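Note sheet for the following structure.
The values are calculated or read from the model by the stated rules, or taken from the named source; none is laboratory data. Keep in mind that what you see is a predicted model, and the values were worked out from it rather than measured. Note that we place each Cβ from the backbone using ideal geometry, even for glycine, and neighbour counts take in every protein chain shown. Note: areas computed on protein heavy atoms with side chains; ligands, DNA, RNA excluded. Shrake-Rupley method; radii C 1.70, N 1.55, O 1.52, S 1.80 Å.
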Amino acid sequence: MIKQLLKKDVFSWALYDWANSAFSTSIMAGFFPLFYKSYWNSGVDAALSTSRLGLTNSVASLFIAISAPFLGALADEAGAKKKFLFVATFIGALFTAFLANIGEAQWLGASILYALAVYSFSVCMMYYDSLLPFVSHDDDVDFISGAGFAMGYLGGGILLFINVLMFKNPEMFGLAGKTEAVKATFVSVGLWWFLFSLPMFKNVKEPIEKKQQPLSLIFRKTFFELSKTVKKIIANKNVLYFMLAYWLYIDGVHTIIKMAVDYGVSIGFQTSDLITALLIVQFVGFPAGFFFGWLGQKWDVKKSILLGISCYVAVVFWALRMTTVQEFFIMATMIGLVQGCVQALSRSLFSRLIPKEHSGEFFGFYNLVGKAASVLGPSLVGLVTLYSGNNRLGIASLLILLVAGGMILGFKVKNPARA
């Protein structure tokens, strides 16, 4: 298995996850929410700053959900997945670095740049995922997909660790204070994202070539292909059931990831504890990504996903009784073990179900489902918590999504025949 990873194109593809995971860890999950509230919304009521951040994330998610299928189909029709990925990477890295130039209390400018960076990041993931069939085969796709997530956990974790050191000891890095350290974090993530992505653009081949066509014709064909893809998904019950199952269980997974820090705060854990837990997830996720990629390849990809979902069910039950910070760290370890498993193997299973030459448009719909899965779970937790007055019951409501998605995957989705 390691021989596959050491192939130039495979390693370069996996290294892209190392590159852009810096954004999801240091920016999305780490410093942006904290800096947004304390610096760009300084002097503003906490509830108002929270609503502004929520609206910013919602707008970015809405735009990617609407545009992902079209952008995926457009890249297929133009034969330009790598070119589109390069543009999205450059824009995302640039906007991330530009956040360092936004001054105190300028929340609107920070919101716009962040929304554009999040949008670019999501577009990048769609094109990156769609290149998986070009660096893998049926006999190694699960391992390679898992390796990508593993590299992402390690790369994102290393830069997050460096950025936390900068924040805690700014003078050690020649910085005047914590504010300058956070601004330096934005620049470091932008540079890390762009520079480590370059090997993929050089070494990964996109063999399907399209004839030169007028832009207007490409757009018309793109809309036509989109309608055909929708019909293909509806007609292919295996793909349709998978997307329904994925929508449910990945919503539960994403909600646990997003709500874990808020849940920790609500039961009294300190910021330092939450950062430690985030680092635990990253560094546990590195070897776990390789292991579950190997397990899906050698055992059974669908059963491996179901094992991951079962572990998330156990995480929910653990969270319901959790009271100490040590138990929170155990939960972080459990999440680190299976988070990449569910995401990586879902991606590799989907890549087996779709035609390679139309991977862009199919992964566009895959991305649409993933973004749509950012709505139901948080709403469910919020409503149950609001009406019950108990945040533990709110977390327990996620069992509905995990169990329902797992049952549809287990009973309705058939493993594709291996070549």
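Some observations on this one:
- Listed pairs K83/K412; K8/K303; K7/K81 exceeding 25 Å between Cα atoms: K83/K412; K8/K303
- Only the Cβ atoms of Lys and Arg (+1) and of Asp and Glu (-1) were treated as charged; on that basis the dipole of the range 303-419 about its Cα centre amounts to roughly 320 debye.
- Accessible carbon and sulfur surface of the range 90-191 relative to its total accessible area, %, 1.4 Å: 70
- Within the listed set P355, P133, P287, the Gaussian network model of the chain (springs between alpha-carbon atoms below 10 Å) gives the highest mean-square fluctuation for P355.
- In the chain, a dipole from Cβ-located charges (positive for Lys and Arg, negative for Asp and Glu) runs towards its positive end, and of Q343, M166, H358 it is H358 whose Cα lies farthest in that direction.
- Dipole size of the chain about its Cα centre, with +1 on Lys/Arg Cβ and -1 on Asp/Glu Cβ: approximately 1000 debye, rounded to the nearest 20.
- Sorting 139-148, 393-402 by average packing, meaning the other beta carbons within 10 Å per residue, from highest down gives 139-148, 393-402.
- Hits among aspartates and glutamates - C-alpha to C-alpha of K202 under 20 Å, sequence gap 8 or more where chains match: D9, D17, D76, D129
- Sequence of V239, V44 from largest to smallest accessible area, 1.4 Å probe: V44, V239
- Note that the chain presents 42 Å² accessible area per residue, ligands and nucleic acids not counted, probe 1.4 Å.
- Taking every full run of DSSP H in the chain, the ones that stretch at least 27 Å from end to end by Cα along their long axis and average 0.0 or higher on the Kyte-Doolittle scale are 46-78, 107-130, 141-168, 178-203, 215-235, 237-266, 271-298, 301-321, 325-353.
- Estimated 222 nm signal from helices in the chain, with DSSP H stretches of n ≥ 4 weighted -39500 (n - 2.57), rounded to 500: -27000 deg cm²/dmol
- Given +1 at the Cβ of Lys and Arg, -1 at the Cβ of Asp and Glu and no other charges, the dipole of the range 113-194 around its Cα centre is 620 debye to the nearest 20.
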